Amino acid sequence: MPTTQHIPVVIIGAGPAGLLLGQLLYKAGIDNIILEQRSPDYVLSRIRAGVLEQVSMDLLRQAGAAKNMDAHGLHHHGIELLFGGQRHRIDLHGLTGGKYVMVYGQTEVTRDLMEVRAAEGLTTVYEALHVQPRDYDSGHPRVRYEKDGELHEIHCDFIAGCDGFHGASRASIAPERIRHFEKVYPFGWLGLMSDTPPVSEELIYANSERGFALCSQRSLTRSRYYLQVPLTDKVENWTDEAFWDELKRRLDPEARERLMTGPSIEKSIAPLRSYVAEPMRFGRMFLAGDAAHIVPPTGAKGLNLAASDVGYLARAFVDYYQNKSTHGIDQYSEQCLRRVWKAERFSWWMTTLMHSFPEEGAFHTKVQEAELDYVVNSRAASTSLAENYVGLPMR
Ligand code: APR
Ligand code: PHB
């Protein structure tokens, strides 16, 4: 017989979505437990995004996990688009009435959330195996898992599936209840992290004949760079030297000159995908973050969408426990999906605008050149890019 207990909300997954939700609920007096299949070190070893929108910053502050972000995050008021060998600045701040983004790594966000959770004495079960959400269509959902060879069962009011793209929550749903929308791109991103100062103060998104490149950063002494590569490339065949050489070829002469190279501290290849699962609610189970949708990283939206999903979900649970209203819960899926699809559109658009698609032919390349020219020379078009990049408001 498994050991049993009752906890109002069981959160599956201790990535940024699960941890942020746990903290928002705790702040509102709603008890919760997080079940995570990996170890804390493993969770922190994953290197991912690095740009936070206003909505995400605000939620981290509300969660009481923003001290380090506010002390060390970098305020960015613009980005640069490089094409035809020239850089063009998009004035995010000026075009959006004073908004900006915060450059602060997802690894750091995750660590900060883990630390505040531990400091409050809240439970996260790491290395929880065979996590199974059950009976979420009834009024009595349960989650089973194994830890150190023992079977456990938690009875709860709600299950939050924050377990990423390969998680158990979405996998537990009967196929006829869920629709999948997917687009796979014919290339991946090779990322390299190095303890070298960033090549430029602001992020550079480069469209070159040799493919896309991105110059990003984590701090004034740590840089993150990416190259568009064929899906068949293997990371072990990319030496640091080959990476730096290729990056230089995709930059403008000034950036090429300024680029400081050094040994990589991490290097990996990630495929690019757009994906949405509909709906995001199944009875008393709710999907949030990468469990429900994936965006290609070009628009820097993945982490931010995970944050806004759990922002809506926390609000819905508060409405339920404090006001005895199911309105928020009933609206959750629709409300999230409206925002999700706008971010999907923007991420797909930025990806299409900035990458090379040789298989699409010369007409595509010409239209892309015209669109880039339009984006940087029309105030309307740059404003549209800017307002999406800094993030649409959460209703
Ligand atoms: N049981 C328990 N935990 C699981 C299971 C499972 N069966 N499957 C996955 N997990 C855990 C993973 O180990 C991971 O720690 O769920 C967590 C999901 O975290 P993320 O993949 O980081 O997803 P999310 O929290 O939604 O954050 C989205 O991550 O991939 C980036 O670009 C994306 O920045 C975005 C962010
Ligand atoms: C990153 O720093 O990892 C990063 C920044 C911007 C993006 C994607 C990734 O659009």
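What follows draws every value from the coordinates through simple rules; no lab data is involved. Fair warning: this is a prediction, and the values are worked out from it, not measured in the lab. Positions of Cβ are backbone-derived with ideal geometry, glycine not excepted, and every protein chain shown enters the neighbour counts.
A few comments on the model shown:
- Scanning region 262-297 for residues that are away from ligand 2 (no atom under 14 Å from the Cβ), under 15 Å from the mean Cα position of the chain (by Cα) and in a loop (DSSP other than H, G, I, E, B) yields ALA288, ALA292.
- Residue match in region 295-304 (condition: among the hydroxyl-bearing types (Ser, Thr, Tyr) and either closer than 26 Å to PHE357 by Cα or surrounded by fewer than 19 Cβ atoms within 10 Å (Cβ to Cβ) (or both)): yes
- Within region 113-134, the residues that satisfy the criterion of being away from ligand 1 (no atom under 14 Å from the Cβ) and surrounded by 16 or more Cβ atoms within 10 Å (Cβ to Cβ) are VAL116, LEU122.
- Residue that is nearest to ligand 1 (Cβ to nearest atom), among those in region 187-197 that are touching a Leu at 6+ places or on another chain (Cβ under 7 Å) and not aromatic (Phe, Trp, Tyr): GLY188
Residue by residue, here is whether (1) surrounded by 24 or more Cβ atoms within 10 Å (Cβ to Cβ); (2) out of contact with any Leu (no Cβ under 7 Å at 6 or more places or on another chain); (3) farther than 17 Å from THR123 by Cα; (4) without any contact (Cβ under 8 Å) to a residue 60 or more places away in the chain holds:
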position: PRO2; (1), (2), (3), (4): no, no, yes, no
position: GLY13; (1), (2), (3), (4): yes, yes, no, no
position: PRO16; (1), (2), (3), (4): yes, no, no, no
position: LEU19; (1), (2), (3), (4): yes, no, no, no
position: LYS27; (1), (2), (3), (4): no, yes, no, yes
position: ILE30; (1), (2), (3), (4): no, yes, no, no
position: PRO40; (1), (2), (3), (4): no, yes, no, no
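- Entry remark, region 195-233: residues being among the small types (Gly, Ala, Ser), under 15 Å from GLY105 (Cα atoms) and crowded, with 23+ Cβ neighbours inside 10 Å number 2 in total.
- Selection of region 1-24 for residues being assigned to a strand (DSSP E or B) and either within 13 Å of ligand 1 (Cβ to nearest atom) or of a type in the set (Phe, Trp, Tyr) (or both) yields VAL10, ILE11, ILE12.
- The residue list VAL318, VAL310 contains one member that is surrounded by fewer than 24 Cβ atoms within 10 Å (Cβ to Cβ), among the hydrophobic types (A, V, I, L, M, F, W, C) and outside any strand (DSSP E or B), which is VAL318.
- For ARG179: the one exception among (1) crowded, with 21+ Cβ neighbours inside 10 Å; (2) more than 15 Å from ligand 1 (Cβ to nearest atom): (1)
- Residue selected from region 340-349 under the condition charged (D, E, K, R) and surrounded by fewer than 21 Cβ atoms within 10 Å (Cβ to Cβ), by the criterion farthest from ASP157 (Cα to Cα): ARG345
- Any chance GLU150 is closer than 29 Å to ALA171 by Cα and either away from ligand 2 (no atom under 16 Å from the Cβ) or among the acidic types (Asp, Glu) (or both): yes
- In region 25-40, the residue that is farthest from ligand 2 (Cβ to nearest atom) out of those that are part of a helix (DSSP H, G or I) and more than 18 Å from CYS156 (Cα to Cα) is LYS27.
- On the stretch given as region 337-395, residues that are at positive phi and out of contact with any helix residue (DSSP H, G or I) (no Cβ under 6 Å at 6 or more places or on another chain) total 1.
- Selection count where residues are in contact (Cβ under 8 Å) with a residue 60 or more places away in the chain and either among the small types (Gly, Ala, Ser) or under 28 Å from ALA307 (Cα atoms) (or both), scope region 376-392: 9
- Among residues of region 321-338, those that are within 16 Å of PHE158 (Cβ to Cβ) and assigned to a helix (DSSP H, G or I), counted: 11
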